[in-house]
Amino acid sequence: MMQSNSGEDGILGTALFRCFTHYPKQSRFALLLEMLWSLKLADIADSAPSLADASSPISVDRHRLYEDAIAMLIGTSFIALGITLYSHAMLMTGSTAGIALLIHYATGTGFGLLYFLINLPFYYFAVRRMGWAFTIRTFAAVALLSGFTRLMPLSVDFKSINPLFAALMGGTLMGMGVLALFRHRSGVGGVNILALYLQDAYGIRAGWFQLGLDVLIMLASLFFIPWENMVLSLVGAVAMNVIIAINHKPGRYIGIS
C-alpha cells in the first residue's frame with residue numbers, strides 16, 4: 001500500500017472529520033466512497049508514465065572506435081572463410097567477389113589481389129554517395145578481406161569438402177560477415193555499396209537487391225563452372241541474402257558509427 005506524506009494525511013483527516021460531523025448518516029457512505037475513489041485516481045496518475053515520456057525519442061548508442069574495429073575484423077574473417085569454402089568447392093558468389101572468383105577460376109590469379117583491384121573504381125561512387133567515413137571503413141574492410149583470403153588457405157586445409165555443405169555454410173558465414181559490416185556502417189565494396197545507398201535513400205532492402213544481381217552473376221558463371229556447381233552456388237546466395245534481409249531492416253538496429 002502506498003504511504004501518504006504528512007500534508008496528504010492532514011487533508012485526509014480534515015475531510016473525514018467534516019464528513020462525520022457536518023453531514024447526515026445517509027450521505028456519509030457515499031462521500032467516503034467518493035474520497036477513496038479520488039485518492040485512487042491520484043495514485044494512478046502519479047504512478048503512470050506521462051505522455052511526454054512515451055513520446056520521447058529513443059536514445060541512440062553510438063558505436064565506439066574499438067567496436068567498429070572488432071566488428072570489421074570479425075566480419076571480414078567470416079567472409080574470408082566463406083570464400084575459402086567456395087573456392088575449394090568451385091562455387092560462385094555474387095558482387096565483386098563473384099567477378100574475382102570468375103577471373104580466379106579462369107586464370108589462376110590469386111583471389112585477394114583480384115578482389116582488391118576490382119573494387120578500386122567503386123570508391124569514387126562511395127565517396128560521392130556515402131561519404132568519406134563510410135568509404136574509408138569500406139576500403140579498410142576490403143583490404144582486410146583481401147589479406148584474410150590469402151592467409152586462410154595457409155591456416156585451413158580442406159582435403160575433401162561436400163559442395164552442399166560448402167554452399168550453405170559458406171553462404172551463411174558470408175551473410176553474417178556482411179551483416180556485421182553493414183551494422184557498423186561499412187561494406188565489402190562493389191555492388192554492396194550500391195545496395196547500401198539504395199536502402200538508405202529509397203528504402204529498398206539491401207539483401208533483396210543484392211540477391212537479384214547475384215542471380216545475373218551466377219548465370220554468367222556457367223561459362224566457367226559446371227551447372228551443378230552453379231545450382232549449389234544459388235543455394236548459397238539465398239542463404240547469404242536471407243541472413244542479410246531478415247536482420248538488416250531499416251529502423252530495426254539503431255546503433256550508429
Between Val242 and Leu65, what is the label-to-label distance in nm when each label sits 7 Å out along the Cα-to-Cβ direction? 4.1 nm
Work out how much length Leu198 to Thr109 would gain on full extension: take 0.36 nm times their residue separation and subtract the Cα-Cα distance, in nm to one decimal. 28.8 nm
Cβ density ranking, 10 Å radius, fewest first, applied to Phe116, Phe125 yields Phe125, Phe116
Take Asn162 and Arg128, extend 7 Å from each Cα along the Cα→Cβ direction, and tell me the distance between the two endpoints in nm. 4.7 nm
Short version: what are the Cα gyration tensor semi-axes of segment 155-232, square root of 5 times each eigenvalue, largest first, in whole Å? 26, 17, 10
Find the Rg to Rh ratio for segment 96-250, where Rh is the Kirkwood radius over alpha-carbon pairs and Rg uses the same atoms. 0.95
When the Karplus curve 6.51 cos²θ - 1.76 cosθ + 1.60 is applied with θ = phi - 60°, which whole-Hz ³J(HN,Hα) does each residue of segment 112-119 get, with x for Gly and Pro? x, 5, 4, 4, 5, 6, 5, 7
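Any read-out appearing in this document is the output of simple, stated calculations on the displayed coordinates, not a laboratory observation. Predicted model, so just to flag it, every value in this text is computed and none were measured. Methodologically, a virtual Cβ is constructed for each residue, glycine included, from the backbone with ideal geometry; neighbour enumeration extends over all protein chains shown.
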